[in-house]
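The values are calculated or read from the model by the stated rules, or taken from the named source; none is laboratory data. Just so you know, these numbers come straight off a predicted model, no measurement behind them. Here Cβ is always computed from backbone atoms with ideal geometry, including for glycine, and neighbour counts include all displayed protein chains.
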Amino acid sequence: MLRSLLLAAALGGIALATSAAAAPAATPASGTAARHPGDAATGRLLVFTCHGCHGIPGYRYAYPNYPVPKIAGQHYDYLVAALDEYRAGQRANPTMQAQAMALSKRDIRDIAAYLSSIRK
């Protein structure tokens, strides 16, 4: 009985390894989202600080005085580009620069995956 179980486990492992090796690699579609989709479930856990400003209807910065954009449902590529630009200091907003600098590139992709998955 034990020999049969060991044989079945070994054959199952070989079959799994063979099918994984034989499967063609997924070809990403064009666009950043296909190459680096991020993990929306992880992103959902990371956006808690985003909701403090971006989740309040009608919220405005006191200085400079402008409305905070809604980011739920925004395009993945735009979110990644914007956060990367804040991280690099190419966009001038001290709050967003500080937030973006605290994120890894993986965090940014995960957050963008989650926010872009929200339907308006």
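Just a few scattered comments:
- Of all residues in the range 71-81, those satisfying the criterion of being surrounded by 17 or more Cβ atoms within 10 Å (Cβ to Cβ), among the aliphatic types (A, V, I, L, M) and not in a loop (DSSP other than H, G, I, E, B) are Leu79, Val80.
- Checking each residue in the range 71-98 for being out of contact with any Phe, Trp or Tyr (no Cβ under 6 Å at 6 or more places or on another chain), of a type in the set (S, T, N, Q) and at pLDDT 95 or above picks out only Gln90.
Yes or no, residue by residue, for (1) surrounded by fewer than 17 Cβ atoms within 10 Å (Cβ to Cβ); (2) not in a loop (DSSP other than H, G, I, E, B):
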| residue | (1), (2) |
| --- | --- |
| Thr42 | yes, yes |
| Leu83 | no, yes |
| Tyr86 | no, yes |
| Ala92 | yes, no |
| Ile108 | no, yes |
| Ala113 | no, yes |
| Ser116 | no, yes |
| Arg119 | yes, no |
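- Residue in the range 56-70 that is part of a helix (DSSP H, G or I), exposed (fewer than 13 other Cβ atoms within 10 Å of the Cβ) and modelled with pLDDT under 95 present: no
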